[in-house]
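*Asks:* Can you keep this structure in mind? I'll have questions shortly.
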Amino acid sequence: MKYYLTTPIYYVNAAPHIGHTYTTIAADVIKRFKRMQGFEPVILTTGTDEHGQKVERSAQTAGKTPEEFTKAIAEEFRRQWRDFGLGIDHFVRTSEDPRHRETVQWLFERCMKNGAVYRGSYTGQYCVFDELYVNDAKPGDPCPDCGRPTETVTEENYFFKLSAFADRLLDLYAKQPNFIQPETRRNEVISFVKQGLNDLSISRTTIQWGIPVPVEGKHVFYVWFDALTTYLTAVRDQKDKSGNDIWPADLHLIGKEIVRFHAIYWPAFLMAADLPIPKRIYAHGWLLFEHDKMSKSRGNIVRAEPIRKVMGADALRYFLLREIVFGQDGSFSYDALIGRYNSDLANGLGNLASRTLTMIQQYRNGIIPDPKSEPEYAFPFPVTQAVNDAVANFERFEFSKGIEAVWYLVSSTDKYIVEQAPWSLAKKNDQVSQRILDYVLYTCAEVLRIVTALLYPVLPESSIQIWTQLGMPQQLELVKHADLRSLLLPGQKIGPIAAVFPRIDAKPAIEKMRELEAKVTAEQAVLMGKAPAPAPAAPPATGSLQITIDDFSKVDLRVGQVLSAERVKGADKLLHLKVDLAEAEPRSIVAGIAEAYAPESLIGRKVVIVANLAPRKLRGLTSNGMIVAASIEGGKPVLAGFLEDIPVGARLK
Ligand code: MSP
């Protein structure tokens, strides 16, 4: 039972923001959930969409080649997913992966062989920004999506006979009613297809930055033919353990703005190539920032990284899946994020965990008690029903409702604790009270364990922490929903107790996140070539200026031998030296080493001299060079010297 899911592959003309993180986190949640349901392997593909004119232009702005530019941004996406601990199996870079180029060309040839592709000439209004022709637009019309003016473009290209697939697509939507979800998106697509479809240009001659079409002439693939094929590239030749193909995808998770490409173009390409069609396309809504769509021009883009650094990955995961109804638009704000965290996680789940564990520590010495059977004190809430409810909602991607079902168990357990008052039972020494206390404590711990197992897909780090505190650090991802009950063993020793969700003080946390946000935005502006690189890094900790080898070679350091040394009258620190540098005359050098060395101890000693220092007068004596010594602040100087013999006059380099 394999399960294959994908996220969109993200454009590299913008650095990752919380919208991209939203989809990728949701995919990771589904992946973990599917594994708990028993699917194996569960494979998640994401990547970066790197071809096209927009990227070519962005690279130019950044003063980089498209190769350098795409690599830098793709790395940024990859790093973020890694730091968030997301279970990515395949990260496909469309401009870099040779398998991808080969798969796109292979798919095209199959479509061509089956007569679904022809050569034609096309004139249309093209939106360079969105990289699409605007149907029915007249010259000068703005792009309906972004409002920018369209350009009239005529070119010879290859067309995909999309018009010939309308009936087969409608048939697919009818036979596979879950193919497009949620329902509103499905209805939109059906009515769009019913109006008839235009053929689709799938190649360009006006751009170079793309995968070459295997035909004569300078055609490269139009971005969507190239981009959608990524889903196939990642697993084209892969099979699961039983030898079944990983393709088709079980789920393409996308944002609502790219439904048509996925629900119309993509299945049509696959039909034309006689390849299996994906099972399901799920389009979630947009993340708005305080009710506005996030966009670069509005300057209201939120990044996920500052949130992770200040509040942890689980806090963001929880917020995104609990606060926003999956499939609908939803607002993000720092206040709402912290509010949710404090009320649900710190006061809710976190508090239940520390209460339960602390009571087991105090009343039962940290050992999970044996509940025996005490039906009259049984947990009066329907656990199994809540579990089934949660799982069924997760199954439908109704995460918010699923989490609510789990929280029913959290608040029921809180109520149960208040009703049973374990603190009073603990004070009573009679056998019955103690047996009830065993039962109550066991039950709370068991419900806590079930709750965290159900929440594991959403809160992977924290759930594992709670399980570890319960004394069962087994890998939660290996636990299947089917064996969720009765895993808590009486006699089990709990681990050290620590707050999993400490309360967060909103004001300083928001300030910190905004500060980090500004830093990330500035770094990304540099990456995109929209701002100059900051001045070179500060000099190293010693405070010394960095120099090049050429700078260093200006200093003429020589081996010298001390011929004579005398104290300088009236100056406690100075010695007057005559030093042989294998020159015509010995050098006269005044050195501040009198407190460290007796004059006679220096005679015959080989030392290091800065030979090209401009001469200067000290106490009426000419100093024609400088002796090299090391010292620490306030310490005495120690002369540099040699362990091996070295001739006088030798140069140090
Ligand atoms: N490259 C195309 C997709 C090709 S898939 C074969 C693309 N890239 S994108 O960088 O613009 O990413 C769009 C996707 O990012 C959305 O479909 C959605 O998954 C996610 N989101 C980007 N901004 C978002 C919000 N503000 N809110 C929610 N999701 C967002 O389109």
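The values are calculated or read from the model by the stated rules, or taken from the named source; none is laboratory data. Predicted model only: the values in this text are computed from it and were never measured. Ideal geometry is used to build each Cβ from the backbone, glycine not excepted, and the neighbour counts take in all protein chains shown. What goes into the accessible areas is simple: the full protein's heavy atoms, side chains included, and nothing from ligands, DNA or RNA. Shrake-Rupley method; radii C 1.70, N 1.55, O 1.52, S 1.80 Å.
*Asks:* Residues of segment 459-578: accessible area per residue at 1.4 Å, in Å²?
*Replies:* Value for segment 459-578: 63 Å² per residue.
*Asks:* List the lysines whose Cα lies under 19 Å from the Cα of Lys493, skipping any in the same chain that are fewer than 8 positions away.
*Replies:* Lys372
*Asks:* While we're here: How do Ser191, Ser58, Ser242 stack up against each other in accessible area, from largest to smallest, with a 1.4 angstrom probe?
*Replies:* Ser242, Ser191, Ser58
*Asks:* So, one more: Using θ = phi - 60° and the Karplus curve 6.51 cos²θ - 1.76 cosθ + 1.60, what whole-Hz ³J(HN,Hα) does each residue of segment 151-165 get, with Gly and Pro shown as x?
*Replies:* 10, 7, 10, 10, 7, 8, 8, 8, 10, 9, 6, 4, 4, 7, 9
*Asks:* To continue, here is another question. Could you pull the Cα extents of segment 546-634 along its three principal axes, largest to smallest, in whole Å?
*Replies:* 40, 37, 25
*Asks:* Just reorder Ser601, Ser412 by solvent-accessible area, largest first, 1.4 Å probe, all chains present.
*Replies:* Of Ser601, Ser412, the descending order of accessible area is Ser601, Ser412.
*Asks:* In square angstrom, rounded to the nearest 10, how much accessible surface does Val520 have for a 1.4 Å probe?
*Replies:* Only protein atoms counted, so the area is about 20 Å².
*Asks:* Ignoring ligands, DNA and RNA, what percent of the accessible area of segment 96-243 is carbon or sulfur (1.4 Å)?
*Replies:* Of all accessible area on segment 96-243, carbon and sulfur atoms account for 48 percent.
*Asks:* Which lysines have a Cα lying under 26 Å from the Cα of Lys138, excluding residues fewer than 8 positions away in the same chain?
*Replies:* Lys54, Lys161, Lys194
*Asks:* Past the 28 Å Cα-Cα mark, which pairs from Lys31/Lys401; Lys241/Lys279; Lys71/Lys218; Lys175/Lys480?
*Replies:* Lys175/Lys480
*Asks:* If one computes the Cα centroid of segment 36-85 and of segment 119-177, what distance in Å separates the two points?
*Replies:* Result: 26 Å between the Cα centres.
*Asks:* Further, regarding this structure: Taking the DSSP beta bridges in segment 3-304 as the whole, what percent of them are antiparallel, to the nearest 5?
*Replies:* 55
*Asks:* Using θ = phi - 60° and the Karplus curve 6.51 cos²θ - 1.76 cosθ + 1.60, what whole-Hz ³J(HN,Hα) does each residue of segment 568-581 get, with Gly and Pro shown as x?
*Replies:* Per residue, the Karplus-derived 3J(HN,Hα) values read 9, 4, x, 10, 4, 8, 9, 10, 9, 10, 10, 10, 7, 10 Hz.
*Asks:* How many nm is it between the label spots at Asn612 and Arg119, if each spot is 7 Å from the Cα in line with the beta carbon?
*Replies:* Reported label-point gap for Asn612 and Arg119 is 6.8 nm.
*Asks:* About its Cα centre, what dipole magnitude does the chain give when the only charges are +1 on Lys and Arg Cβ and -1 on Asp and Glu Cβ, stated in debye to the nearest 20? Display every interim value, and only then the final one.
*Replies:* Values: 78 positive and 77 negative charges, 222 e Å.
It comes to approximately 1060 debye.
*Asks:* Here's another thing I want to ask about it. Specify the angular offset, from 0 to 90 degrees and rounded to the nearest 10, of the alpha carbon long axis of helix 166-175 from the longest principal axis of the alpha carbons in the chain.
*Replies:* Tilt relative to the chain: about 80 degrees.
*Asks:* On to the next question. Output the 0 to 90 degree angle, nearest 10, between the alpha-carbon long axis of helix 66-83 and the longest principal axis computed from the alpha carbons of the chain.
*Replies:* Here the helix axis deviates by roughly 70 degrees.
*Asks:* Oh, and also: Quick check on the chain: helices-only [θ] at 222 nm, where DSSP H runs of length 4 and up contribute -39,500 (n - 2.57) each and the sum goes over total residues. Nearest 500, please.
*Replies:* Dividing the helical sum by the residues of the chain leaves -12000 deg cm²/dmol.
*Asks:* Would you grab the residues whose amide H sits under 5 Å from the one on Val42? Only those 5+ places off in sequence or on another chain, please, with H modelled 1.01 Å from N.
*Replies:* Residues meeting the criterion, in which the H sits 1.01 Å from N, are Tyr3.
*Asks:* A follow-up question, please. At Glu40 and Lys194, where each label point lies 7 Å from the Cα along Cα→Cβ, what is the point-to-point distance in nanometres?
*Replies:* Modelled inter-label distance: 4.6 nm.
*Asks:* Putting +1 on Lys and Arg Cβ atoms and -1 on Asp and Glu Cβ atoms, find which of Ala390, Pro139, Met271 reaches farthest to the positive end of the dipole of the chain.
*Replies:* Ala390
*Asks:* Given H placed on each backbone N at 1.01 Å, which residues far from His219 in sequence or on other chains put an amide H within less than 5 Å of it?
*Replies:* Residues meeting the amide H criterion: Val213.
*Asks:* Give, rounded to the nearest 20 debye, the magnitude of the charge dipole that segment 549-639 has about its Cα centre when Lys and Arg contribute +1 at Cβ and Asp and Glu contribute -1 at Cβ.
*Replies:* For this selection, approximately 280 debye.
*Asks:* Which one, Gln469, Gly491, Val451, projects farthest toward the positive side of the charge dipole computed for segment 425-521 from Cβ point charges (K/R +1, D/E -1)?
*Replies:* Selected residue: Gly491.
*Asks:* Okay, next question. How large is the direction-averaged shadow of the alpha-carbon convex hull of segment 11-119, in nm²?
*Replies:* It is 9.2 nm².
*Asks:* Ranked from the most accessible area to the least, with a 1.4 Å probe and all protein chains present, what is the order of Lys239, Lys54?
*Replies:* Lys239, Lys54
*Asks:* Considering the alpha-carbon set of the chain alone, what are its Rg and its Dmax in angstrom?
*Replies:* Cα only, the chain: 35.6, 110 Å (Rg, Dmax).
*Asks:* Using the Cα centre of segment 549-639 as origin and beta-carbon charges of +1 (Lys, Arg) and -1 (Asp, Glu), tell me which of Ile627, His576, Ala614 is placed farthest towards the positive end of the dipole.
*Replies:* Of the candidates, His576 comes out farthest on the positive side.
*Asks:* Here's a follow-up. If I take every Cα pair under 8 Å that is 6 or more residues apart in the chain, average their sequence separation and divide by the length, what percent do I get for the relative contact order?
*Replies:* Relative CO of the chain lands at 11 percent.
*Asks:* Sticking with this structure for a sec: Counting only pairs 8 or more residues apart or on different chains, how many lysine pairs in segment 549-639 have their Cα atoms under 17 Å apart? Kindly include the intermediate steps, with their values, before the conclusion.
*Replies:* Working: Lys569/Lys578; Lys569/Lys617; Lys573/Lys617; Lys573/Lys636; Lys578/Lys606; Lys578/Lys617.
Close lysine pairs found across segment 549-639: 6.
*Asks:* Check which residues have an amide H placed less than 5 Å from Ser331's amide H, if you skip close sequence neighbours.
*Replies:* Answer set, sorted by chain and number: Leu288.
*Asks:* Next up: Only four residue types carry charge here, +1 at the Cβ of Lys and Arg and -1 at the Cβ of Asp and Glu. Report the dipole size of segment 3-304 about the Cα centre in Debye, rounded to the nearest 20. If you can, show how the numbers build up before the last one.
*Replies:* Details: 38 positive and 38 negative charges, 119 e Å.
With Lys and Arg at +1 and Asp and Glu at -1, about 560 debye.
*Asks:* Shifting gears a bit: At a Förster radius of 25 Å, what calculated FRET efficiency corresponds to the Cβ-Cβ distance of Arg57 and Lys519, to the nearest 0.05?
*Replies:* After rounding, the FRET efficiency stands at 0.40.
*Asks:* Output the 0 to 90 degree angle, nearest 10, between the alpha-carbon long axis of helix 18-36 and the longest principal axis computed from the alpha carbons of the chain.
*Replies:* 60
*Asks:* What percent antiparallel are the DSSP beta bridges of the chain, to the nearest 5?
*Replies:* 70
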